[in-house]
Amino acid sequence: REAGDMTHLFSIIVLLLKINATKSCSGVSLKTQELYLLVFVTRYLDLFQSYISLYNSCMKFIFIVSSGCIIGYMRKHKVVSQTYDAEQDTFRVAFLVWPSFLLAAVINQKLSVMEILWTFSIYLESVAILPQLVLLQRTKNVDNLTSNYVFLLGSYRGLYLLNWIYRCLTEEGYRQWIVWISGLLQTAIYCDFFYYYLKSWRKNERLSLPS
Amino acid sequence: DARVEDKDEL
């Protein structure tokens, strides 16, 4: 789990570094970033309500603030916002948001606003990368930092799968089907990307996804 | 079935 959290954190650091160092966000999907902000905000509504550990609270805070930062850069920054590929980043996110919401309203553990929003965030996260993957496919010669970002972001849920197996074997009564199935789907969505990423990495070439 | 009540993962 720690490795999963760290790859998640590193993915965000890599993305912020890329944007800040190159003053460019080309190849980065604003739609995916906005979906992630929505995911974090709806999942971490309990930030001020329930306290698990300093580590958890800090990470939640970092995830919300950093995705807000990335969106701010892409939308408002004088130089960076010019480099955003708006014409290419055309995924219709309503097709991800509404089904996730409806599914969360139907399949959840408890019928309460907080619980439905939390479940919504789990469902939405599993598909939030799709606009980014579509954009990558449209971009020829993806830069290394962007492909590293997607790789780290994909690895994070994959590492969580191992964590869930471990917890399931060692903790009595540890079951969370909604999270497990969504996490499996989330990781599966990356499979194709992982394949081309590792292939280009082995050959020491820039990543370019077949269209 | 039982689920961990505390959402202790991120």
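The values are calculated or read from the model by the stated rules, or taken from the named source; none is laboratory data. In this text, all values refer to a predicted model and were calculated from it rather than measured experimentally. All Cβ positions, glycine included, derive from the backbone under ideal geometry; neighbour counts span all protein chains shown.
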Give me a count of the residues in the range A:19-65 that are within 12 Å of chain B (Cβ to nearest Cβ) and assigned to a helix (DSSP H, G or I).
17
May I ask you to list pairs of residues, at least six apart or on different chains, whose Cβ atoms are under 9 Å apart, with the first in the range A:186-205 being under 16 Å from residue A:161 (Cα atoms) and the second being assigned to a helix (DSSP H, G or I) and basic (Lys, Arg)?
A:186/A:157; A:187/A:157; A:190/A:157
Being surrounded by 18 or more Cβ atoms within 10 Å (Cβ to Cβ) and over 18 Å from the mean Cα position of the chain (by Cα) narrows A:132, A:186, A:176 down to just A:176
Out of the residues in the range A:96-110 that are free of Cβ contacts under 8 Å to residues at least 60 places away in the same chain and touching a helix residue (DSSP H, G or I) at 6+ places or on another chain (Cβ under 7 Å), state the one that is surrounded by the most Cβ atoms within 10 Å (Cβ to Cβ).
A:100
Determine, yes or no, whether residue A:190 is out of contact with any Phe, Trp or Tyr (no Cβ under 6 Å at 6 or more places or on another chain) and under 16 Å from residue A:130 (Cβ atoms).
yes
State which residue is nearest to the other protein chains (Cβ to nearest Cβ) when the search covers only the range A:127-166 and only residues that are under 25 Å from residue A:100 (Cβ atoms) and charged (D, E, K, R).
A:157
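From the list A:150, A:179, pick out the single residue that is in a helix (DSSP H, G or I) and within 16 Å of residue A:36 (Cα to Cα).
A:150
Quick grid of which residues meet (1) at pLDDT below 95; (2) under 17 Å from the mean Cα position of the chain (by Cα); (3) of a type in the set (Phe, Trp, Tyr):
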position	(1), (2), (3)
A:50	yes, no, no
A:53	yes, no, no
A:59	no, yes, no
A:80	no, no, no
A:84	no, no, yes
A:87	no, no, no
A:90	no, no, no
A:93	no, yes, no
How many residues are closer than 21 Å to residue A:13 by Cα, in contact with a Leu (Cβ under 8 Å, 6 or more places away or on another chain) and among the polar types (S, T, N, Q) when one looks only at the range A:52-105?
4
One residue from A:93, A:113 being crowded, with 18+ Cβ neighbours inside 10 Å and of a type outside the set (S, T, N, Q):
A:93
Restricting to the range A:12-60, count the residues that are surrounded by fewer than 19 Cβ atoms within 10 Å (Cβ to Cβ), closer than 30 Å to residue A:138 by Cβ and among the polar types (S, T, N, Q).
4
Among the residues of the range A:127-147, is any outside any helix (DSSP H, G or I), in contact with a Phe, Trp or Tyr (Cβ under 9 Å, 6 or more places away or on another chain) and modelled with pLDDT of 95 or more?
yes
